[in-house]
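Bear in mind these aren't lab numbers, they're just calculated from the coordinates by the rules spelled out. Note that this is a predicted model, so its numbers are computed, not measured.
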Ligand code: ADP
Ligand code: MG
């Protein structure tokens with residue numbers, strides 16, 4: 001939002017950039033006997049892009065889902081914009097609207113057109129008129145390069161196009177933060193870059209993002225920080241440059257030797 005004469009300076013996003021937006025404090029979670037998140041502590045500042053990387057099963061998705069409260073936690077606190085995550089009800093719905101989520105498998109509504117996929121949330125949750133929602137949706141579809149697909153059904157699109165629609169759908173809610181959990185892992189190789197380019201564009205635009213990905217090119221270009229997880233713990237956190245060229249822990253070294 002641009003500040004106007006009547007808007008206090010604190011509502012200007014660029015002024016608030018750098019303040020903590022997501023705070024994860026002493027978070028633990030078990031699935032039965034499996035200790036899946038072990039005393040997780042992390043802060044994501046406004047406008048920051050944090051890449052979460054680590055072996056399969058290390059708890060990356062669980063952490064993302066906990067931040068959106070798709071999963072409960074056993075102990076600890078997660079706050080977004082200073083507010084602890086609400087347990088249920090309207091407050092939870094508001095939280096979900098503020099946290100955009102893009103998953104590995106394209107989970108667009110299969111029986112709705114591309115345009116409807118992007119307008120549904122803004123109409124239902126944000127209370128926009130259909131006309132307003134469509135105008136905004138078309139601008140977002142344009143931004144991610146699929147405006148000419150608006151009338152089609154998701155199944156008629158390529159995986160890369162569907163994932164770009166999923167990003168447009170998340171953006172349509174004007175979220176404070178976007179979580180992307182392996183957004184390119186299910187894509188054919190030739191489609192990965194078109195999705196990464198959209199993500200880089202968002203990052204450059206100042207969107208706060210938590211991205212689970214092993215795409216080193218994205219991490220180097222867009223991430224402010226890389227968090228490496230293994231066996232439910234945050235093992236190290238550093239800049240992409242440091243992490244990829246000089247990982248500190250044995251576990252990170254082992255992991256990188258397998259993926260690079
Ligand atoms: P990652 O995203 O890093 O691959 P996940 O967060 O998906 O890891 O999973 C962490 C661990 O928790 C894995 O061992 C996984 O099998 C287990 N797990 C994930 N979801 C569930 C669930 N709903 N019930 C039981 N175990 C689960
Ligand atoms: Mg995962």
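Specify the residue with the greatest mean-square fluctuation among 24, 50, 211, computed from a Gaussian network of the chain linking alpha-carbon atoms under 10 Å apart. Checking each option, the largest mean-square fluctuation is seen for 24.
Between 119, 72, 245, the Gaussian network model of the chain with springs among Cα atoms under 10 angstrom shows the greatest mean-square fluctuation at 245. Measuring nothing but how far apart in sequence close Cα pairs (under 8 Å, 6+ apart) lie, relative to its length, the chain scores a relative contact order of 24 percent. Mind telling me which of 130, 164, 220 comes out most flexible in a GNM of the chain, alpha-carbon contacts under 10 Å? The residue with the greatest mean-square fluctuation here is 130.
Residue separation of residue 188 and residue 126 scaled by 0.36 nm, minus their Cα-Cα distance, works out to 18.9 nm of gained length.
Return the equivalent ellipsoid semi-axes of the chain as a descending list in whole Å, where each equals the square root of 5 times an eigenvalue of the C-alpha gyration tensor. Mind dumping the intermediate values first?
On the way: eigenvalues 168, 100, 70 Å².
Equivalent-ellipsoid dimensions as semi-axes: 29, 22, 19 Å.
Against the main long axis of the alpha-carbon atoms of the chain, helix 189-204 sits at an angle near 80°.
Per residue of the chain, what 222 nm ellipticity follows from adding -39500 (n - 2.57) for every DSSP H run with n ≥ 4, rounded to the nearest 500?
Values: 10 runs with 100 residues, N = 260.
Result for the chain, helices only: -11500 deg cm²/dmol.
Between the Cα long axis of helix 250-259 and the first principal axis of the chain there is an angle of about 50°, rounded to the nearest 10. Once the Cα atoms are used to define both axes, helix 159-172 deviates from the longest principal axis of the chain by about 80 degrees.
Taking a ≥ b ≥ c as the square roots of the eigenvalues of the Cα gyration tensor of segment 111-207, is the shape rounded (a/c under 1.5), prolate (a/b larger than b/c) or oblate?
oblate
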